[in-house]
1. What does the accessible area of Lys58 come to, in Å² to the nearest 10, when a probe of 1.4 Å is used?
2. Would you calculate the separation in nanometres between label points at Ile67 and Arg119, each defined as 7 Å from the Cα along the Cα-to-beta-carbon direction?
3. Quickly work out the Arg52-to-Asp28 label distance, labels modelled 7 Å from Cα along the C-beta direction, and quote it in nm with one decimal.
4. Kindly state, to the nearest 0.05, the FRET efficiency for Lys9 paired with Glu83, given R0 = 41 Å and r defined as their beta-carbon distance.
5. Any chance you could run the full-extension gain for Val128 through Ala101? It's 0.36 nm times the residue separation minus the Cα-Cα distance, nm to one decimal.
Amino acid sequence: MPVRKVGFKRVQRMLETMPETTRKHLRDAQEDNASEIVRVAQILVPVGETARSKAAIKATPAGDGQIIDFGPLSKILEGGTVERFHKTGKRAGRSTGKGPAVPFVNPSMKATAKTRLARTRKALRDAVKEAKNNGGA
């Protein structure tokens, strides 16, 4: 399954035109933001006997940004499943149940939104201060 990078190319082009100090500060802030999202998602994800869903959540660096992988079960856990039926056997046509939706991705994004925004703003402020102290370079 391919990784979907929404807006990644645009952000990457923008980062390439920025001064190195700004890029460094933003890269560090993005890394911290990604680890914060992963931490909260690992707390909110429903855990079975093997805890595979928790272990599958991770952030990996990609260029100047981060890609967060919520694991192969995230779509099923986040959205639930439709009513399922047996096709063969003595219980043919009978329902086996419906998997409930247990959202954890969007709540983790929402729970960390203010912190992530504040961290990014601080990174930009620090980059501007550093550039000012270096004579505007």
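1. 100 Å²
2. Distance between the two pseudo-spin positions: 2.0 nm.
3. Placing both labels 7 Å along Cα→Cβ, they lie 3.9 nm apart.
4. 0.55
5. 5.3 nm
The values are calculated or read from the model by the stated rules, or taken from the named source; none is laboratory data. Please read all numbers here as calculations on a predicted model, not as lab measurements. All Cβ positions, even for glycine, are placed from backbone atoms using ideal geometry, and neighbour counts span all protein chains on display. Accessible surface areas use protein heavy atoms only, side chains included; no ligands, DNA or RNA. Shrake-Rupley method; radii C 1.70, N 1.55, O 1.52, S 1.80 Å.
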